[in-house]
Every structure is written in structure tokens, then in C-alpha cells.
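Some notes on the structure that comes next.
The values are calculated or read from the model by the stated rules, or taken from the named source; none is laboratory data. It should be emphasised that the depicted structure is a prediction, and the values quoted were computed from it without experimental measurement. Cβ coordinates were reconstructed from backbone atoms using ideal geometry, including for glycine residues, and neighbour counts include every protein chain displayed.
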Amino acid sequence: MNEEYFERAKLVIPGGVNSPVRSFRSVGGTPYFVDRAEGPYVWDSDGQRYIDYVMSYGPGIVGHSHPQIIDAVQQSSGNGATYGAPTLGEVEIAEEICSRVEGVEMIRLVSSGTEATMTAIRLARGVTGRDKIVKFSGHYHGHADSLLAAGGSGVANQGISGSVGVPTSAVADTIVTPWNEIPDLDDSTAALILEPLPANMGVVPPKENFLQDLRIACDAHGVLLIFDEVITGFRLAMGGASQWFGVQPDIWCFGKVIGGGLPMGAYGGSREIMRHVAPLGDVYQAGTLSGNPIATAAGLAQLRLLNVDAYEKLEKTAERLSDGLSNIFQSTGIDVVVPRVGSLLSIFFTNQNPSNFDEALAAAENGIYADFFHSMLKRGVALAPGPYEALFLSLAHTDEIIDQTLEIAREAAEELT
Ligand SMILES: *Cc1c(COP(=O)(O)O)cnc(C)c1O
């Protein structure tokens, strides 16, 4: 059925997909169409089961179809889908987020990560009265015009550094600078935006004390520091990357995990920063479906499943997977590195951890990932169909599931040699 569905899809949806990362463009072949998912598994339209390491690129941190999330969605949807008036659910999830992330005193809910980063930039410009923004190459911040320069994830997969249709004027105030080098900031810069743990060019961690040094550099010039925690938020730790690395930005962006699988994003910060947002202040941002009651119910149910024990378990699972993969490739003589921070990891078929976007691109050039991807897929393990994505784990990925994955990876690695 996958082939048939894909043929139909291509007639009515560009490339047959609603987000380019889902296309098999960089690995070749036909995408599997998902029929249903449960725990660590997805089933495609042919009934083939896969152990899933895509997990919707991050939202699925407790496993697919978790009964408590299904229950929350069912209960909420019975009360109507959206009203255009505030609900208690919005207050509850805002309180939950503020209590988890030290430094976040107020939060505004939006409907995607893209909206969160786009608005964070507007807010930073509004607060500082400055226009220039600085981003790191290989960091992906969604698809808003001003942030679409030298992005990771699907932008990198497609081999385009940005997009046609973005006027020069829209990126005229965007400075792109290499990751892991302190950028030149000055008093005309509104914000420095980054993924505190980049996970859209593979996982390319910050060097020792790099985030601390960025904080100092920003403070020296009155530049607002924006952490795009759309992946790391509520995944790396209870308080996300800012807790993990011990550095607080001025503005946080969230997405993925906070929606429990439904569309939701958020941006937040201190009261002093957030008082600039309309209707309190002059930075305008709105949304018909912002704080959607079903999404807030799903998000809150998911957050409540994520306690300290859950994060410990996720990290142990990730360690088992990354160590296992490293050992397998070592024994088959294939060069591979599996960088991991907390529960986030990725695979590069090279002998040294990349430390910036150029090195990550060079590491993926050999095309080995595509062969490995297909070797795994045909044996029932779904990785992301592109070399720059992280592997996403969930609480449903038990040690047994990891060991099954490693057995399959051993066969796939032997096939590669
Ligand atoms: C996914 C992602 C975004 C964009 O979020 P969407 O919900 O896809 O719009 C922004 N920043 C980072 C770091 C992401 O991983």
C-alpha cells in the first residue's frame, strides 16, 4: 500500500509529504505510510512493524498512544475543540512549565516551534529596539523567513542553504556564524539565537563552557540570549538544556514535547521580558488556535509523566543504545561516532565527532547513512530518513527493545562491510 498511497499523495501534496524531512529524498525509496503506533512501535499501511526512533522528531517522549494522553485527549475533545476564550487548561500548563524551568516566569502558548522562534525574535527586537540577529550555521529554528539561513534538519537534507522566496531584505539583519566559536557581537544586535544542544545537524554539543561564554558575551553588549529548546525542552531534563548546562537565556522557545503529540509551541522568560507581549506591551502576537484545549490537555498529561526518574531512565536507555552501536561498528571496522548528551544521540559515519556544521556536512558526505538506514528499515527499525536528525527515544523503549535494535544493527553493519 505504501507505494500506492505515495503515488496518490504525490498528485495532491508537493513531494507527497507535508514536511520535507519526511520525504526519502536523501536516502532514496518510498516513505512508509503510518497506519497506527503504540509504545515504541509504528505500523505501516502494509502491516509491517518498526521500532520507531523518529517519534515524530521529538514529541513522543513517553511512547506512542500513551493511555494517559489518550484519556486526556478524549476527555477534552468531548468538551469541544476550540472556543476563542481562555481555559483553565492553559493556566495549568503555563504553571507547570514555569515550575519546571527556572527563569521562566511567564509563558505564551502558540501552535508550533516555528511560531515560538519567530515571535521570540520579534520580542527581542521589540525589547531592545535593535534589528540585527545572530544565529549559528547548522542550527534549525523552524521556517520563518529571517531564520531560514544555513539551517540544519530538512534544510540541510535538501542541500539548500535557505529557500527561494525569502527576500534578501528578510535576511538582511540575520548574521550566520560558525558554531562553537564565540561570535562578534555589538551594540546593534538584538539577539543571539541558538539550539543550546544542536540536534538538527546531528548532535553537535557545545564545547566546554561555551554557553557560559556566550552568556557573558551577550551581557557585555546588551544582546538577548534566546535558547531554542524546541527539541531539548522537557527532554534533556525537567528544566531542559538551561538546567542541564546551568546557563539561563533571556527567552526560551519550546515545542515538540510540550504538546504531547498535538500542535503546540511556546515562548517564555522573565516577567520583565514578557510584559512587552501584547496585550500587556507593544509586541504583537496572536493565534486562533493558541492554547488549544485538546493540545494543552495532551501536553499537560505528558509533562506530568516526566519526573526525575523518567529522565534518568531515558538517559540510561540512550547510553545503552549509543554504547551498543559504537561497539558494533568498532567490531565490524566501520568508522562511526555516536555523540550523545543525556538522552539525545545521533550517528555519524566518520572517525571524529563533528564540532560544527561544516564538519557535520563533511561527515555525512560519504552517503553511508542511506545504506544503513535502508538496512535497518527492512529489518524493522525506523530511523529518520536523513543523516542530520537525532535518534529519538521514549520511555517505551525498554532495554529489551534496545537490545533487539542492537541485534538488528549488527546485521545491518555486517551488510555494510
Ligand atoms: C522542530 C524545531 C523547530 C520548529 O518547530 P515546528 O513545530 O516544526 O515548527 C524549531 N527549532 C528547533 C530546534 C526544532 O527542532
Long-range neighbours under 6 Å by Cβ, at least six apart or interchain, first residue in the same structural domain as LEU185 (by TED's automatic domain parsing) within the range 161-174, second part of a loop (DSSP other than H, G, I, E, B): SER161/ALA150; GLY162/LEU148; GLY162/ALA149; SER163/LEU148; VAL166/LEU148; VAL171/ALA149; ASP173/ASP131; THR174/ALA149
For the range 249-298, which residues satisfy the criterion of being without any contact (Cβ under 8 Å) to a residue 24 or more places away in the chain and aliphatic (A, V, I, L, M)? ALA278, LEU280, ALA286
Condition first: away from the ligand (no atom under 16 Å from the Cβ), under 25 Å from ASP403 (Cα atoms) and modelled with pLDDT of 95 or more. Can you find one or more residues in the range 296-306 that meet it? yes
Mind telling me which of the residues THR296, THR288 ends up being under 29 Å from GLU115 (Cα atoms), among the hydroxyl-bearing types (Ser, Thr, Tyr) and assigned to a loop (DSSP other than H, G, I, E, B)? THR288
Name the residue that is farthest from the ligand (Cβ to nearest atom), counting only residues in the range 37-68 that are under 22 Å from ALA409 (Cβ atoms) and among the charged types (D, E, K, R). ARG49
Can you report the number of residues in the range 202-215 which are away from the ligand (no atom under 16 Å from the Cβ) and either assigned to a loop (DSSP other than H, G, I, E, B) or touching a Ser or Thr at 6+ places or on another chain (Cβ under 7 Å) (or both)? 3
Yes or no: ARG122 of a type in the set (Lys, Arg), within 23 Å of GLY265 (Cβ to Cβ) and not in a loop (DSSP other than H, G, I, E, B)? yes
Step by step: first the residues of the range 139-150, then only those that are within 11 Å of the ligand (Cβ to nearest atom) and in contact (Cβ under 8 Å) with a residue 60 or more places away in the chain, then the one that is farthest from ALA199 (Cα to Cα). Which residue is that? GLY142
Can you pull out every residue in the range 343-364 that is of a type in the set (Gly, Ala, Ser), under 19 Å from GLU195 (Cβ atoms) and surrounded by fewer than 22 Cβ atoms within 10 Å (Cβ to Cβ)? SER355
Does at least one position in the range 23-34 carry a residue that is free of Cβ contacts under 8 Å to residues at least 60 places away in the same chain and in a strand (DSSP E or B)? yes
Among the residues of the range 216-248, write down those that are part of a strand (DSSP E or B), in contact (Cβ under 8 Å) with a residue 40 or more places away in the chain and within 16 Å of the ligand (Cβ to nearest atom). ILE226, ASP228
Among the residues of the range 249-267, the number that are near the ligand (Cβ under 9 Å from one of its atoms) and closer than 18 Å to VAL341 by Cβ is 1
Picking from ALA94, ALA37, ALA72, ALA116, which residue would you name as being in a strand (DSSP E or B) and buried (at least 16 other Cβ atoms within 10 Å of the Cβ)? ALA37
Residues of the range 97-107 satisfying the condition of being surrounded by fewer than 23 Cβ atoms within 10 Å (Cβ to Cβ) and either basic (Lys, Arg) or in a loop (DSSP other than H, G, I, E, B) (or both): ARG100, GLU102, GLY103, GLU105
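Out of all the residues in the range 201-225, which are touching an Asp or Glu at 6+ places or on another chain (Cβ under 7 Å) and crowded, with 21+ Cβ neighbours inside 10 Å?
Of everything in the range 201-225, those that are touching an Asp or Glu at 6+ places or on another chain (Cβ under 7 Å) and crowded, with 21+ Cβ neighbours inside 10 Å turn out to be LEU224, LEU225.
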Within the range 370-384, does at least one residue satisfy the condition of being among the polar types (S, T, N, Q) and under 30 Å from GLN302 (Cβ atoms)? no
Considering only residues that are within 16 Å of the ligand (Cβ to nearest atom) and in contact with a helix residue (DSSP H, G or I) (Cβ under 7 Å, 6 or more places away or on another chain), look in the range 174-192 and name the one that is modelled with the lowest pLDDT. THR174
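So which of ILE107, ILE133, ILE93 ends up being outside the structural domain of PRO387 (by TED's automatic domain parsing), under 25 Å from PRO205 (Cβ atoms) and either modelled with pLDDT of 95 or more or more than 16 Å from the ligand (Cβ to nearest atom) (or both)? Full working, then the answer.
On the way: ILE107 fails: under 25 Å from PRO205 (Cβ atoms); ILE93 fails: under 25 Å from PRO205 (Cβ atoms).
It is ILE133.
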Of the residues that make up the range 69-81, is at least one in the same structural domain as PHE227 (by TED's automatic domain parsing), away from the ligand (no atom under 16 Å from the Cβ), of a type in the set (Gly, Ala, Ser) and closer than 27 Å to TYR284 by Cα? yes
